[in-house]
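Presented below is the structure to which this report refers.
The values are calculated or read from the model by the stated rules, or taken from the named source; none is laboratory data. Keep in mind the model is a prediction, meaning the values are calculated, not measured. Virtual Cβ from ideal backbone geometry, glycine too; neighbours counted across all protein chains shown.
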Ligand SMILES: [Zn+2]
């Protein structure tokens with residue numbers, strides 16, 4: 001049992017509760033009480049003095065290709081079609097298991113360092129992704145990516161189903177779902193097959209939809225339907241769906257979605273790839289969303305706090321209205337994403353999963369602050385994240401990651417050199 005002594009709590013709504021002791025047992029918050037109140041039946045083996053710290057729920061990253069941290073910076077300042085067709089997909093076609101494993105560890109290290117306790121991953125090489133998740137201890141929802149246009153689609157779907165069956169019960173920190181890449185790489189009949197499999201196994205799906213205006217135009221040209229309508233007609237919204245992006249969702253598409261549809265919004269990627277101010281921004285009041293990062297090759301970072309910060313600033317700027325998106329509202333959006341994992345995380349209350357950040361805001365970046373949430377949203381960085389805890393286990397402790405990061409970084413640079421020397425292969429799909 002651990003005790004966080006005399007902490008100031010920042011709740012999921014952004015409210016602050018001062019002078020609290022938090023007891024953590026078996027991965028869950030066992031008790032919260034006024035600091036110093038005797039709890040004789042609770043005997044912590046470790047006490048962290050949080051007198052100078054704030055404790056909040058961890059952050060969640062709702063959409064990441066975590067392994068792509070191995071490609072961070074490989075394709076800068078190019079248009080999306082060049083980014084996909086001439087850079088990322090050709091390099092990805094020659095990736096090794098070690099690239100995926102180490103790339104995923106690099107991404108996880110970045111996330112844990114920034115207080116991210118859970119990530120919804122979407123990538124191939126799922127055995128390596130799973131290995132990295134387990135080795136690190138982060139909470140991960142894994143959606144093995146399926147490209148429907150690949151000739152081996154049926155084999156791949158069978159392989160993913162088997163992987164999910166084999167690992168469904170592995171760990172309380174791991175959840176699994178189907179990951180069709182997108183509507184444009186999975187035609188409707190293929191989507192329907194994947195959705196049928198998800199229904200059979202009572203699992204959700206995670207896919208890219210309507211990321212760019214061009215994708216919507218091409219879908220209308222190809223099928224007469226929007227990407228959302230294609231998924232709807234494939235039965236996709238009969239299961240819970242995590243939509244990556246949906247930046248170019250249309251008003252008519254709103255009739256496709258339901259209370260089990262979540263959006264992972266990734267503004268930094270849209271800014272870097274010049275994806276435009278899609279209708280999502282104006283429809284966002286009608287959508288359940290939180291923030292994702294996408295892969296580090298497009299976003300540069302895998303930190304949802306940075307995405308939320310950019311989202312608020314982008315809309316204040318674009319709509320010439322500084323009052324929009326007050327910091328508490330953005331904080332609540334960040335916290336809302338915990339619901340996707342169904343792990344009981346995201347709140348600081350008894351019986352909640354102990355997925356927490358301990359913040360030190362007494363640093364040059366955040367001093368002097370007036371409200372801890374505005375300090376975190378607009379000024380904080382990873383140096384303010386003193387501890388990151390997942391299911392009661394410290395994965396960052398007193399400013400230092402538990403994983404051996406220097407070893408992982410060394411391996412990352414070694415693999416990066418090999419990757420460039422190996423060069424590009426042939427992409428399986430075309431953007
Ligand atoms: Zn993505």
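Just a few scattered comments:
- In a residue-by-residue description of segment 192-212, the property of being at pLDDT 95 or above, at positive phi and within 16 Å of the ligand (Cβ to nearest atom) applies to at least one position.
- Close pairs (6 angstrom Cβ cut-off, 6 or more residues apart or separate chains): at positive phi in segment 285-298, in a helix (DSSP H, G or I) and near the ligand (Cβ under 9 Å from one of its atoms) anywhere: 294/269
- Among the residues making up segment 371-398, those that are closer than 17 Å to residue 7 by Cα and assigned to a loop (DSSP other than H, G, I, E, B) are 371, 392, 398.
- Every test in (1) assigned by TED's automatic domain parsing to the domain that holds residue 301; (2) in contact with a strand residue (DSSP E or B) (Cβ under 9 Å, 6 or more places away or on another chain) is passed by residue 70 save one, and that test is (2).
- Top-ranked residue of segment 1-14 - restricted to ones that are touching a strand residue (DSSP E or B) at 6+ places or on another chain (Cβ under 8 Å) and not in a strand (DSSP E or B), ranked as surrounded by the fewest Cβ atoms within 10 Å (Cβ to Cβ): 1
- When each of 392, 425 is tested for being in contact (Cβ under 8 Å) with a residue 24 or more places away in the chain and either surrounded by 19 or more Cβ atoms within 10 Å (Cβ to Cβ) or more than 21 Å from the chain's Cα centre (by Cα) (or both), the lone residue that passes is 425.
- Residue match in segment 356-376 (condition: in contact with a helix residue (DSSP H, G or I) (Cβ under 7 Å, 6 or more places away or on another chain) and within 16 Å of the ligand (Cβ to nearest atom)): no
- Whichever residue in segment 46-78 is in a loop (DSSP other than H, G, I, E, B) and farther than 30 Å from residue 9 by Cα and, among such residues, is farthest from the ligand (Cβ to nearest atom): 77
- Reported count of residues in segment 253-304, each being out of contact with any strand residue (DSSP E or B) (no Cβ under 9 Å at 6 or more places or on another chain) and under 30 Å from residue 105 (Cβ atoms), is 8.
- Only listed residue being crowded, with 24+ Cβ neighbours inside 10 Å, on the phi < 0 side of the Ramachandran plot and without any contact (Cβ under 8 Å) to a residue 60 or more places away in the chain, chosen from 138, 100: 100
- Condition check for residue 380: under 20 Å from the mean Cα position of the chain (by Cα) and either over 23 Å from residue 15 (Cα atoms) or modelled with pLDDT of 95 or more (or both): yes
So that you can scan it fast, the table gives a plain yes or no per residue for (1) surrounded by 13 or more Cβ atoms within 10 Å (Cβ to Cβ); (2) within 28 Å of residue 141 (Cα to Cα); (3) in the same structural domain as residue 53 (by TED's automatic domain parsing):
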position	(1), (2), (3)
321	no, no, no
350	yes, yes, yes
363	yes, no, yes
366	yes, no, yes
377	yes, yes, yes
416	yes, yes, no
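- So residue 217, is it more than 13 Å from the ligand (Cβ to nearest atom) and closer than 22 Å to residue 430 by Cα: yes
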